[in-house]
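Asker: Okay, here's the structure, questions in a sec.
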Amino acid sequence: MFPDIRPPQTKVDWLIADFAKTEKPSVADFARLRVIGGLFDRLDKYRVDGECMTRSHLLSESHKSDRLGRYLTRAGDARPSNRCDAHAIISGGHPEAIVLRGIMAWVKMRIDDPHNGCWLPRDWDDRAFMPNHLRKAVPHRRIHTNAYYEWLSSRIRPQLIRTPEQLIHALRFARVMLQSGNVPPNVMPKSGR
């Protein structure tokens, strides 16, 4: 049995409803509606397509960093530097992530949904080129370890996740921890840094 996670309105519907409240829309308001509406429309389509996928298709869907990056940008989180990568918090292929993937499939969330992503610097040296909020972030090339998935599995457990909103909240917490560098020492050893 899958929970129903369809929002009452799509992001495009919310954007149009918000636009309709504008008393005297300018040319810039219409241009904003067209550009942002197009971005939201593609993200909504990706999410709606996920609702039609079977659990096995959701579990076996492969992660593509460039696709996740596009959806992060469409959700309003643009790439902060060319020296960072789009990181899937729950990865598509690591064997330790299978239970986490099962939770995602249960709530009908696709692997490259922007809720499951964040920008991380590629490696230690790239942190110097990041905006302030990513200067202490964990390096993407160093994070995919068994210790990382043990930590993530302790934060995102089937017993705790009952709704899509709870999963989104847990993923948001993990994102903040990764981007601030506040993960436990065993998850991200400093390795000489």
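Readers should treat all values here as calculations from the given coordinates under stated rules, not as data from a laboratory. Computed from a predicted structure; not experimentally measured. In this analysis, Cβ positions are derived from the backbone assuming ideal geometry, glycine residues included, and neighbour counts consider all displayed protein chains.
Asker: What is the angle, in °, between the Cα long axis of helix 27-51 and the longest principal axis of the Cα atoms in the chain? Nearest 10 is fine, range 0 to 90.
Answerer: Long axis of 27-51 versus the principal axis of the chain: about 60 degrees.
Asker: Still on this structure, please answer the following. Enter the angle in degrees (range 0 to 90, nearest 10) between the Cα long axis of helix 65-74 and the first principal axis of the Cα atoms of the chain, meaning the one along which they spread out most.
Answerer: Compared with the principal axis, the helix lies near 40 degrees.
Asker: Can you tell me the dipole magnitude for the range 101-193 around its Cα centre, using point charges on the Cβ only (Lys, Arg +1; Asp, Glu -1), in Debye to the nearest 20?
Answerer: Details: 16 positive and 7 negative charges, 24 e Å.
With only Lys, Arg, Asp and Glu charged at Cβ, the dipole is about 120 debye.
Asker: Once both axes come from the Cα atoms, what is the angle between helix 146-155 and the longest principal axis of the chain, in degrees from 0 to 90, rounded to 10?
Answerer: Helix 146-155 and the main axis of the chain meet at about 50 degrees.
Asker: Then there is this: If you average the C-alpha positions of the range 90-138 and of the range 65-89 separately, how far apart do those two centres end up, in angstrom?
Answerer: 10 Å
Asker: Stokes-Einstein at 20 °C, 1.002 mPa s, Kirkwood radius from Cα pairs: D for the range 56-193 in µm² s⁻¹? Write out the running numbers ahead of the final one.
Answerer: On the way: Rh = 15.0 Å.
Translational D for this selection: 143 µm²/s.
Asker: Now, a different point. R0 = 35 Å: FRET efficiency of N132 with F30, Cβ-based, nearest 0.05? Kindly include the intermediate steps, with their values, before the conclusion.
Answerer: Numbers: r = 34 Å, r/R0 = 0.98.
Plugging the Cβ-Cβ distance into 1/(1 + (r/R0)^6) gives 0.55.
Asker: Sticking with this one: Relative contact order of the chain: what whole-number percent is it, with Cα pairs under 8 angstrom and at least 6 residues apart? Could the numbers behind the result be given before it?
Answerer: Numbers: 236 pairs, mean separation 39.1, N = 193.
RCO, the chain: 20 percent.
Asker: Among the aspartates and glutamates, which have Cα under 17 Å from the Cα of K108 when same-chain residues fewer than 8 positions away are ignored?
Answerer: D4, D44, D49, E51, E61, E165
Asker: From the gyration tensor of the Cα coordinates in the range 92-163, what semi-axes in whole Å does the equivalent ellipsoid have, largest first, with each one equal to sqrt(5λ)? Write down the numbers at each step before the final one.
Answerer: Working: eigenvalues 136, 37, 24 Å².
Over the Cα atoms of the range 92-163, the ellipsoid semi-axes are 26, 14, 11 Å.
Asker: Treating only the Cβ of Lys, Arg, Asp and Glu as charged (+1, +1, -1, -1), what charge dipole size does the chain show about its Cα centre? Round to the nearest 20 debye. The partial results should precede the final answer.
Answerer: Values: 32 positive and 21 negative charges, 87 e Å.
Result for the chain is approximately 420 debye, rounded to the nearest 20.
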